[in-house]
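The values are calculated or read from the model by the stated rules, or taken from the named source; none is laboratory data. None of the values given here were measured: they were computed from a predicted structure. When we count neighbours, we look across all protein chains shown, and the Cβ atoms used for this are built from the backbone with ideal geometry, even at glycine. Heads up: the accessible areas ignore ligands, DNA and RNA and are worked out on the full protein's heavy atoms, side chains in. Shrake-Rupley method; radii C 1.70, N 1.55, O 1.52, S 1.80 Å.
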Amino acid sequence: MGAANWRISVISLPGANDRRAQVTERLEKSGWRWRLVNARATAPAGLLVDQENALKTIGRRLAPGEIGCFGSHVDCWRQLLADESLSHMLVMEDDVLLDPNYDFAGLVQLMAATGLDYVRLYARWPAPARIISLLGPRCLVRFKRPVLGTQAYVLSRQGARRLLAHATHLSRPIDDHIDRFWENGVPIYSLYPFPALELQLPSS
């Protein structure tokens, strides 16, 4: 299995026809290997929704959309592990625009060479970070606290295993789960400036 064996998985609701058409048009021009992943409305098999624990941990019950979003990302992680030809997966949501000129294959090679399991391509909130390395016009940083959002990220097989190992029950939103590096052992690395942009589209 080569270091650059990666694929883009785009999470999208089955009925989001306009979004699907737009993201399909963009990615078909890219030359990247990609596929649509049907977003869930419920949790996948084997993942217990624990609303009582959610009340204790985040002070409220999880909304149906949060449960479906969590399940959709879990589906992607499971697909990564199920496909032995893949070393990494770029997971993105259908309202995200990737920089068409960025070398994502090179990023995957860097991750494989350095043992990075998870690199964000976008973050919802700013947070203190440490610069790890300069990578041309961008730099690799490590966030010191959660930055939230699941718009786009690259994940290794080992990263998927670690995140799944800590996803036995669902009591937090997915971004909160991913960013709890002190529990799941997956540090929050990111590129900055981000090579992904969240488009201003109506929520689905």
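Dividing the helix sum by the residues of the chain, where each DSSP H run of 4 or more adds -39500 (n - 2.57), gives a mean residue ellipticity at 222 nm of -9500 deg cm²/dmol. Extension gain for Arg142-Gln51 works out to 29.6 nm (0.36 nm per residue, less the C-alpha to C-alpha distance). The charge dipole of the stretch 7-133, taken about its Cα centre with unit charges on the Cβ atoms of Lys, Arg (+1), Asp and Glu (-1) only, comes to about 220 debye.
Per-atom-type breakdown for the chain gives carbon and sulfur 53% of the accessible area (1.4 Å probe, protein chains only). With contacts taken as Cα pairs under 8 Å and at least 6 residues apart, the stretch 125-204 reaches a relative contact order of 33 percent. Specify the inter-centroid distance of the stretch 40-98 and the stretch 143-204, based on alpha-carbon positions, in whole Å. What the calculation gives is 10 Å, centre to centre. Translational diffusion coefficient of the stretch 18-99 (Stokes-Einstein, Kirkwood radius from Cα pairs, 25 °C, 0.890 mPa s): 166 µm²/s.
If the Kirkwood radius is taken over C-alpha pairs of the chain, then at 10 °C and 1.306 mPa s the Stokes-Einstein diffusion coefficient equals 92 µm²/s. When you filter the trypsin sites (Lys or Arg not before Pro) in the stretch 18-106 for DSSP loop state and at most 15 other Cβ atoms inside 10 Å of their Cβ, you are left with Lys29, Arg33, Arg60, Arg61.
Modelled spin-label separation between Glu28 and Ile132, with each label point placed 7 Å from Cα along the Cα-to-Cβ direction: 3.6 nm. Rolling a 1.4 angstrom probe over the protein heavy atoms with all chains in place gives the chain an accessible area of 48 Å² per residue. Span-like helix check, the chain: qualifying full DSSP H segments, with Cα axial length of 20 Å or more and mean Kyte-Doolittle of -0.5 or more, are 64-82. In the stretch 47-204, Cα pairs under 8 Å separated by at least six residues give a relative contact order of 34 percent.
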